[in-house]
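Reading through the structure tokens given below for one structure.
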Amino acid sequence: MNPEAPTGEAPRISFVSLGCPKALVDSERILTHLRAEGYELSRHHDGADVVIVNTCGFLDSAKAESLEAIGTAMKENGKVIVTGCMGAEPEQIRNAFPNVLAITGPQQYESVLGAVHQAVPPAHNPFVDLVPPQGIKLTPRHYAYLKISEGCNNRCSFCIIPKLRGDLVSRPAGDVLREAERLVKAGVKELLVISQDTSAYGVDIKYEASRWRDREVRAKFLDLSSALGELGAWVRMHYVYPYPHVDAVVELMAEGKILPYIDIPFQHASPRVLKAMRRPGNQEKTAERIHRWREICPDLAIRSTFIVGFPGETDEDFEFLLEWLDEVKLDRVGCFKFEPVDGAPANELADPVPEEVKQQRWNRFMKKQQAISAARQQKRVGRRIQVIVDESGGLSAKGRSVWDAPEIDGNVHLVSRRPIRVGDIVTAKIDRADAYDLYGQVV
């Protein structure tokens, strides 16, 4: 007998969809995912392993209808997951039905799937399922992006992300961690945590705790980072704003639980320009915070992006930025010349910077940062470091250090006496460096 052949019947899901056509589309998307994972649909609650109720909360009458549907499902089945618009205010549901399995808000498809997986794990069959256990990935097998939230609460004047994606919507920590576990089990060795504002993770759901393994994990940046650090994979943090609570996450980096790498979109350093950009946080104290982080974790690498030529940026503002770069000495930096984005408030600001001035400032900025990067790189010559391999030519390879994210940072060029495979994490002695890349031998 084939040990991987399916045993028993597929889990059965009963589904109730209420409300507007947008909610119906949400229901279709959830059901599509569940069917791809091998779940069957049941016409009756009493024949299902779990019931999903997609609620409407627009009017009081719609809320009453939703509560009635939940009550029917609880009576006929008892294992109920609630999602949809009414899930955005879960207290009313919990008060009426304290024993529902899970409550998620609108458009939180991954949260619904996670709740179903926890209640009734899918019976994966490699011979008939259309989707592998870890889902469809567009990255190489050895690394994957892990999205922890949608949307953004910030209102930066040059950005229209909130208009396109709405305000911050955080995923429950348990859902994120279960996805991360599936990825690691499938061979992923590096998890790249992404969102629009990673530091703000969980603020929208009041840092609500959810179940993972044998404990509750809060939806907080620190708690999630600590739990991800238990999975045995590299964990790399992107799009972090320099709020004070980030200090505690840097301590995890110093302890080796997650990578000593942090991606912070500073965008500028001049207080006047930052105010015009409507950037969040106390940016004027950012240099102090960076020095503090390097005291906590001397091996920390910081990457960032900046905008030059923002409307109203003066020569004094730009000189301030260059001096700030000299002070903080970031490891990796990208720079963009300001361009208007349709619908962004910055387009209405006075004193646009001429294109030739933008180009001159960009050139000076990049020259300044190249020298800083080269000096930072030289400090790594002679060290033995870990490298994850992205490309291999047998006895030569190209990979990345713990200080380099894929496609945006530098590379480590390797030679070896034995074949190197893509996805390997090897130890290399660094022989030389340039402004962006390291060169070494596998040891």
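Observations, loosely collected:
- Checking G202 against (1) crowded, with 18+ Cβ neighbours inside 10 Å; (2) on the phi < 0 side of the Ramachandran plot, the condition it does not meet: (2)
- Selection within region 37-61 - crowded, with 18+ Cβ neighbours inside 10 Å and over 30 Å from the mean Cα position of the chain (by Cα): S42, H45, A48, D49
- Flag if G78 is at positive phi and either in a helix (DSSP H, G or I) or out of contact with any helix residue (DSSP H, G or I) (no Cβ under 6 Å at 6 or more places or on another chain) (or both): yes
- Of all residues making up region 294-340, the number that are under 21 Å from N363 (Cβ atoms), part of a strand (DSSP E or B) and under 25 Å from the mean Cα position of the chain (by Cα): 10
- Flag if S195 is polar (S, T, N, Q), in contact with a strand residue (DSSP E or B) (Cβ under 8 Å, 6 or more places away or on another chain) and either surrounded by fewer than 22 Cβ atoms within 10 Å (Cβ to Cβ) or closer than 30 Å to D424 by Cα (or both): yes
- Residue in region 395-424 that is farthest from L192 (Cα to Cα), counting only those that are aliphatic (A, V, I, L, M) and surrounded by 15 or more Cβ atoms within 10 Å (Cβ to Cβ): V415
- Residue match in region 266-274 (condition: of a type in the set (S, T, Y), under 17 Å from the mean Cα position of the chain (by Cα) and within 30 Å of P345 (Cα to Cα)): no
- Qualifying residue in region 149-168 (condition: among the β-branched types (V, I, T) and at pLDDT 90 or above): no
- Residue within region 228-247 that is in a helix (DSSP H, G or I), in the same structural domain as C335 (by TED's automatic domain parsing) and under 15 Å from the mean Cα position of the chain (by Cα) present: yes
- Scanning region 404-411 turns up no residue that is in the same structural domain as D431 (by TED's automatic domain parsing), assigned to a strand (DSSP E or B) and either hydrophobic (A, V, I, L, M, F, W, C) or in contact with a helix residue (DSSP H, G or I) (Cβ under 6 Å, 6 or more places away or on another chain) (or both).
- Contacts under 9 angstrom Cβ, first residue in region 99-119 being in a helix (DSSP H, G or I), partner surrounded by fewer than 24 Cβ atoms within 10 Å (Cβ to Cβ) and of a type in the set (F, W, Y), 6 or more apart: V116/Y39
The values are calculated or read from the model by the stated rules, or taken from the named source; none is laboratory data. Since we're looking at a predicted model, the values are computed, not measured. FYI the Cβ positions are ideal-geometry reconstructions off the backbone, even for glycines, and counts take in every protein chain you see.
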